[in-house]
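First up is the structure itself, then whatever we jot down about it.
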Amino acid sequence: MKQSEILGIVEGKYVELKRAKNKIPDSFWETYSAFANTDGGIVIFGVDEKTKQVVGIDQPEKMRDDLFNMVNNPQKVSINLINDNDVKIIDSDNGVQIMMIKISEAPYQSKPVYLKGNPQLAFERLGEGDRRLTPDKYKELVVGSQPETDNELLSNYDLSDLSVDDLEVYRTALYEQTKNERYRSMDFKDLLIEIGAFRKDRQGDGQYHLTVGGLLFFGKYTAITDRFPGFQLDYFEKESSLDVDWKDRISSGDAGYPQLNVYSFYRMVMAKLSTTLKDEFILDEDTKSRLPFRTVLQHEKNFKDC
């Protein structure tokens, strides 16, 4: 690689230059954390970040070995994001060698990437600099790393654990609202895959599995309570919020409602509300016809976003 090409590399949001002639500098790990917590980037050893002079590195093979030993040490950094293909030793036409290290953005569940076993010793890339995470940014990454329960894949569940009646009502609602002919006779499994209620296990067997969201939304009551023993849905109608006794109730598990899931519960409650609420704007005919479908379509969007 020509020295002029190396000198043309500009330090910025995605590129960090480091002299690192004899050893891996401590500042490298701050950059590693910053790239991992932001959008990834490339670190180049053997170029002075101040003078931009191509100084090269001594014993590049040893430095590469040291890098892999350190990056796999949890006391140095919380996760290794570098493999053999990410580290390149490059000859410069001025007789020295440089090292280019690609650092990928960390998966959301691994953020924040932190140093020295201290979760709060974490950085982000802002412009061409590494900045320690603010408390708010730290909290944002921690919250974002938590898995979404709705998206969890379930083993040993299949279509037989879902209510065919509710799937039919949902499919009909989608057709009537969208006028999309393919919904009219779409296979239930294809429909569930389209809305994200069935997902492929890309980290495991490669097969489609029911998600927690799909089970809660369309599942048979017994199938739901096998996974969530405390599952309970309740609707009470009272004359006043101060009343102890209720006039009407919809409750999952009761003899009158043996197979309630989220979707069937929603439909029953909306039917009750449309006939019992006294607010005129809620009883508007257009609202009564649109509101259920709006929510049905919102649930479809929620599945897709999971």
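The values are calculated or read from the model by the stated rules, or taken from the named source; none is laboratory data. Quantities reported herein were computed from a predicted structural model and do not represent experimental measurements. For neighbour counting, all protein chains shown are included, and Cβ atoms are generated from backbone atoms with ideal geometry for every residue, glycine included.
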Handout entry: Members of the stretch 104-128 found to be closer than 11 Å to ILE79 by Cβ and outside any strand (DSSP E or B), listed by number
Key = SER104, ALA106, PRO107, GLN109, SER110, LYS111, PRO112, VAL113
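Every residue, every condition in (1) assigned by TED's automatic domain parsing to the domain that holds ALA223; (2) β-branched (Val, Ile, Thr); (3) in contact with a Lys or Arg (Cβ under 7 Å, 6 or more places away or on another chain), yes or no:
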site: ILE79; (1), (2), (3): no, yes, no
site: MET100; (1), (2), (3): no, no, yes
site: GLN109; (1), (2), (3): no, no, no
site: PRO112; (1), (2), (3): no, no, no
site: LEU126; (1), (2), (3): no, no, no
Exercise for the section: Answer yes or no as to whether ASP66 is charged (D, E, K, R), part of a loop (DSSP other than H, G, I, E, B), under 37 Å from the mean Cα position of the chain (by Cα) and exposed (fewer than 15 other Cβ atoms within 10 Å of the Cβ). Expected result: no
Problem - Breaking point among (1) closer than 19 Å to TYR32 by Cβ; (2) without any contact (Cβ under 8 Å) to a residue 24 or more places away in the chain; (3) in contact with a helix residue (DSSP H, G or I) (Cβ under 9 Å, 6 or more places away or on another chain), for GLN53 - result: (1)
Handout entry: In the stretch 153-174, residue nearest to ARG267 (Cα to Cα) [restricted to those that are in a loop (DSSP other than H, G, I, E, B) and touching a helix residue (DSSP H, G or I) at 6+ places or on another chain (Cβ under 8 Å)]
Key = SER163
Completion exercise
Note: among ILE101, ILE79, ILE89, just one is under 24 Å from GLU140 (Cβ atoms), of a type in the set (A, V, I, L, M, F, W, C) and surrounded by 12 or more Cβ atoms within 10 Å (Cβ to Cβ), namely ILE79
Problem - Single condition GLN177 does not satisfy, out of (1) within 23 Å of MET268 (Cβ to Cβ); (2) modelled with pLDDT of 90 or more; (3) among the polar types (S, T, N, Q); (4) surrounded by 15 or more Cβ atoms within 10 Å (Cβ to Cβ) - result: (2)
Problem - Within the stretch 8-59, tally of residues that are within 23 Å of LYS116 (Cα to Cα), part of a loop (DSSP other than H, G, I, E, B) and either among the hydroxyl-bearing types (Ser, Thr, Tyr) or in contact with a Cys (Cβ under 6 Å, 6 or more places away or on another chain) (or both) - result: 1
Practice task
Restricting attention to the stretch 89-122, report how many residues are among the aromatic types (Phe, Trp, Tyr) and over 23 Å from the mean Cα position of the chain (by Cα).
Solution key: 0
Completion exercise
Going through (1) acidic (Asp, Glu); (2) exposed (fewer than 11 other Cβ atoms within 10 Å of the Cβ); (3) not assigned by TED's automatic domain parsing to the domain that holds PRO74 one by one, ASP136 fails only at (3)
Handout entry: Filter pass, TYR157 being farther than 25 Å from GLN232 by Cβ and of a type in the set (Phe, Trp, Tyr)
Key = no
Completion exercise
With criteria (1) of a type in the set (Ser, Thr, Tyr); (2) within 26 Å of the chain's Cα centre (by Cα); (3) surrounded by fewer than 19 Cβ atoms within 10 Å (Cβ to Cβ), THR51 comes up short on (2)
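Pull up the stretch 92-103, narrow it to residues that are part of a loop (DSSP other than H, G, I, E, B) and touching a strand residue (DSSP E or B) at 6+ places or on another chain (Cβ under 9 Å), then point me to the one that is farthest from PRO25 (Cα to Cα).
The selected residue is ASN94.
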